[in-house]
Amino acid sequence: MKHPTAMALALVIGAATAPLVLAQHHGAHRMIMSGDLRWGPVPSLPPGAQIAVIEGPMNEAVPFTIRLKFPANYVIPAHSHPAIERVTVLSGTFHMGTGDSFDRAKTHALTPGAIGIMQPGTNHYAWTAEETIVQLNGNGPWGITYVNPADDPRRR
């Protein structure tokens, strides 16, 4: 694997979110109501974000679906992922930009129904002004690598 740290991060994400998983086995027919989601903290993101794993696990080479809930005035520093990231905004406004450092002025406001697609290894960042919920779909193994290692909350 090109990025051993990305694999390690994927394993950390998978292990940390294991109790939150609603449906571990891909391929089974299910209907999941939003009220059935179990939310918990996200160790790989700055404090305040919450995750609900709908389908996974994220640390294996299978499709996954998660929801992320961000509080108002939340910032995700510049980072990248080892696989394509597909973000659909469900509520609020998710401001996304590309580049090696956070620049609020260079972001695009994604409103409910909008989709952001980031290619593997693309440095990007995001912020919210209000509580925002997004759904993330992808294929694992998943991970996050911060441009500036000091921004990684797992190192604190």
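Any read-out appearing in this document is the output of simple, stated calculations on the displayed coordinates, not a laboratory observation. As the structure is a computational prediction, the values presented were derived from the model and not from experiment. Here the Cβ is made from the backbone with ideal geometry for all residues, glycine too, and neighbour counts use every protein chain on show.
Looking only at residues in the stretch 55-74 that are not aliphatic (A, V, I, L, M) and not in a loop (DSSP other than H, G, I, E, B), which one is surrounded by the fewest Cβ atoms within 10 Å (Cβ to Cβ)?
Pro63
Specify which of the listed residues (Ile144, Ile117) is within 18 Å of Thr65 (Cβ to Cβ) and in contact (Cβ under 8 Å) with a residue 40 or more places away in the chain.
Ile144
From the list Ala52, Ala83, pick out the single residue that is touching a strand residue (DSSP E or B) at 6+ places or on another chain (Cβ under 9 Å) and part of a loop (DSSP other than H, G, I, E, B). Before you say what the answer is, go through the steps one by one.
Details: Ala52 fails: part of a loop (DSSP other than H, G, I, E, B).
Selected residue: Ala83, the only one of Ala52, Ala83 that is touching a strand residue (DSSP E or B) at 6+ places or on another chain (Cβ under 9 Å) and part of a loop (DSSP other than H, G, I, E, B).
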